1. Among residues belonging to segment 1-45 that are surrounded by 12 or more Cβ atoms within 10 Å (Cβ to Cβ), touching a helix residue (DSSP H, G or I) at 6+ places or on another chain (Cβ under 7 Å) and more than 30 Å from E404 (Cα to Cα), point out the one that is modelled with the lowest pLDDT.
2. Tell me yes or no: at least one residue of segment 512-528 is in the same structural domain as M272 (by TED's automatic domain parsing), more than 19 Å from K459 (Cα to Cα) and at pLDDT below 90.
3. Any residue at all in segment 279-293 that is surrounded by fewer than 23 Cβ atoms within 10 Å (Cβ to Cβ) and closer than 18 Å to I535 by Cα?
4. Across segment 453-469, what is the number of residues that are surrounded by 23 or more Cβ atoms within 10 Å (Cβ to Cβ) and under 22 Å from I514 (Cβ atoms)?
5. Mind counting the residues in segment 425-474 that are among the small types (G, A, S) and either over 13 Å from the mean Cα position of the chain (by Cα) or within 14 Å of H415 (Cα to Cα) (or both)?
6. Of all residues being assigned to a loop (DSSP other than H, G, I, E, B) and modelled with pLDDT under 90 in segment 255-279, which is farthest from R342 (Cα to Cα)? Just the residue, please.
7. Is there a residue in segment 358-366 that is farther than 23 Å from M272 by Cα and in contact with a Phe, Trp or Tyr (Cβ under 6 Å, 6 or more places away or on another chain)?
8. Counting only residues that are farther than 19 Å from D369 by Cβ and buried (at least 24 other Cβ atoms within 10 Å of the Cβ), which one in segment 425-436 is modelled with the lowest pLDDT?
Amino acid sequence: MKKIEYTVIITFTMILAAFCFCSLFTDSDGFSPFENRYLATRPEFSAKEFFTGDFTDDYETFLLDNFVLRDLSIKGYQSYSNILFLDAFTESETVLASVDVDAFVTAGGQEGLSAPAAGEDASSSWQADDGDETRQGGNNVDAAGNLIGTGTQEPGQPDLDEGSVIGVSQTGGAQSTDSGQGVSGTGQTDTAQQPQTGGNAEGQGPAASGQSQGQGAGQSSVQQQAGAGSAADTSAGEQTDTKLNNSLIISGDRIMMPTGSSGNLAHFGEIMADFARIMPELNVYSITGPTSAAFYASKKYSTGGYDQSKAERIIRGSAEGVTVVKAYDKLKEHRDEYIYFRSDVHWSALGAYYAYAAFCESAGMEAADIENDFTKYTYEPFLGGLYSQIYKTPQAARLQNNPEQLDYYIPKLGHKLTLYTMGNIKTPRTADCIINTNFKSLGAYKYSCFAWGDQRLEKITTDNPNGRKVLVVKDSYGSALIPFLVHNYSLIYVIDPKGFNNEGSLDLDAKTLIKDEQIDDVIFCFSIYGSARKIIRDSLTSLLLR
């Protein structure tokens, strides 16, 4: 009997020791497709960090993210949780509290920030060699430690047409620029359904650190009605419910970000109104994108203080001289279609198309035909950025077992995209396609394939002969709308206001760009969440009103 006990103990100890030993030599490639997030990398040893305890903490995080058979263990846990998560309760709503939603947004969910490739130095700067040598683009880091841009040029690629940036200068003493030599990147798509297009460069994906991705996800979900913060609906004079900041609603296999109308939207409208008064020759439009909770959450989170249909009315009340597009009504007409992702905060390409169609109605333009004027492609299986926030919860198995797809539409009309990348305004790169089909480079946030994510400044020239020009000022919601505008404009400029005129960022006067390029229309396209953010309002004020 003792021999059997000793045998079991020794066998178990040897297996455990083998696992521990092998885990010391494992290392990730930086990204886990299964968890849809970036994993911790092996920390470099430092005597100082060892004695402060930082090294051991970082190494523990590394081991937890990279032990042997980790994917299998998580998959087993999800399968076990899935058995306990009975079908009878899939339609009930669970509020996942303590999710750092703002960190998710900053990490890339709505800002399109770039993550480093495995082995890259996140603090390296751009260096260009003479001739046809490889131009390597490193990553730049802002004051908060967020990565803000990458880019590469493969050797042997020809130099393309010069691009121009009007009225842009680098703060901190760097020289201003009015032209730059375009460069082209190449990339391979990782699905047979994607087109062979040029201009795909690795490293354009948004950032997703293992720490910020997992924050809050490992905590058990809590049924609760209250979160931090509150906001008043100033248009109706009613008090909102306690707002669920830093929380997500999970209903079956759908994750939603709850949000309600806010007095900040009136301030957002005032900024646009002031801009319209300064430049009365322009046609100014506002498109506000609701979150999916407006259409798919229960009445508890889609009415009263959470009624997002009021947002356009609030903005219209303060945005004199601005045409406020009725995107909400158009989306509501098509709520039974695939207009929002189930695992991501954004609308789908189809949802963006309906918002675009509502804009065309307001502007008196003919909307493009989504069937005839575009070529449709599909990337699958797709798990969005919000899945990365809940992958340790029992509900994550529902999404893992029932992933969705990402449809994208490439205009048949000829066009060329120039990217003035986040890290280097002076060195533009050109792309032959308005969609970044190199999905492997996009990490967890494959939504940023649309218009190549939230780049600071983009210029799109098209074969449209009408000569009409537009400036789109947007957050990530607007990215999916950009490809449809190719049908209506000869020249499209795109600005992410967060990238300019803040401390440590580039300096730009949008009015100079508008005048020099003789822009006809300006479109503001923001999510309801982004419209109420202070960083958006401050950036717009300095970008448009100074």
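The values are calculated or read from the model by the stated rules, or taken from the named source; none is laboratory data. Because the structure is a prediction, the values reported are computed rather than measured. Don't worry about glycine lacking a Cβ; one is built from the backbone with ideal geometry, like all the others, and counts go over all protein chains shown.
1. Among those that are surrounded by 12 or more Cβ atoms within 10 Å (Cβ to Cβ), touching a helix residue (DSSP H, G or I) at 6+ places or on another chain (Cβ under 7 Å) and more than 30 Å from E404 (Cα to Cα), it is S23.
2. no
3. Of all residues in segment 279-293, those surrounded by fewer than 23 Cβ atoms within 10 Å (Cβ to Cβ) come to 279-285.
Still in the running and closer than 18 Å to I535 by Cα: none.
No: segment 279-293 contains no residue that is surrounded by fewer than 23 Cβ atoms within 10 Å (Cβ to Cβ) and closer than 18 Å to I535 by Cα.
4. Keep residues of segment 453-469 that are surrounded by 23 or more Cβ atoms within 10 Å (Cβ to Cβ), which gives 453-458, 460.
Going one step further and asking which of them are under 22 Å from I514 (Cβ atoms), we end up with 454-458, 460.
Total satisfying the criteria: 6.
5. The initial filter retains those residues of segment 425-474 that are among the small types (G, A, S), namely 431, 441, 443-444, 448, 451, 453, 467.
Subsequent filtering for residues that are either over 13 Å from the mean Cα position of the chain (by Cα) or within 14 Å of H415 (Cα to Cα) (or both) retains 431, 441, 451, 467.
Number satisfying all stated conditions: 4.
6. First, the residues of segment 255-279 that are assigned to a loop (DSSP other than H, G, I, E, B): 257-263, 279.
Pick out the ones that are also modelled with pLDDT under 90 and you get 257-263.
Details: M257: 11, P258: 14, T259: 16, G260: 19, S261: 22, S262: 25, G263: 28 Å.
Ranking the candidates gives G263 first.
7. no
8. Keep residues of segment 425-436 that are farther than 19 Å from D369 by Cβ, which gives 425-433, 436.
Next cut, buried (at least 24 other Cβ atoms within 10 Å of the Cβ) only: 425, 428-429, 431, 436.
On the way: I425: 66, P428: 87, R429: 89, A431: 91, N436: 94.
If we take residues in segment 425-436 being farther than 19 Å from D369 by Cβ and buried (at least 24 other Cβ atoms within 10 Å of the Cβ), then I425 is modelled with the lowest pLDDT.
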